[in-house]
Amino acid sequence: MNSNPVHFLLDDQQYELLAQLNLLNKKLLRDLEIRRKYHNLKSQGISFQPALNRLLQEYPYLQPDTLRKLIYSPAVAKIEALAQNTDS
């Protein structure tokens, strides 16, 4: 069973069904996970460069500029905003 990175939008059963039907954008899900991890590191008081270095260790196939773009991506921010609206 896959971990559900969009638990704020879909319950686990819905997520699993979409994953089985190959209807999920895996790249966008990865980007959401990277952004979430970055914000978790920042909330622990870790500054940008050390947080970026930790992410680079976890995602060595990505370039620093790519991670920077993902962290500040407006598309990913829109999805996070949607999640906050559904939590209310």
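A few points about this structure:
- From the C-alpha gyration tensor of the chain, square roots of 5λ in Å: 24, 16, 12
- Summed side-chain charge close to Phe48 - residues other than Phe48 whose Cβ falls under 12 Å, Lys, Arg +1, Asp, Glu -1: +3
- A simple spin-label model places pseudo-atoms 7 Å from Cα toward Cβ; at Gln63 and Arg36 they are separated by 2.8 nm.
- Segment Arg54-Tyr72, length gained on full extension (0.36 nm per residue, minus Cα span): 4.8 nm
- Contact order normalised by residue count of the chain, Cα under 8 Å, 6+ apart, percent: 31 percent
- Relative contact order, percent, the stretch 30-71 [alpha-carbon distance under 8 Å, six or more residues apart]: 48 percent
Any read-out appearing in this document is the output of simple, stated calculations on the displayed coordinates, not a laboratory observation. In this text, all values refer to a predicted model and were calculated from it rather than measured experimentally. Methodologically, a virtual Cβ is constructed for each residue, glycine included, from the backbone with ideal geometry; neighbour enumeration extends over all protein chains shown.
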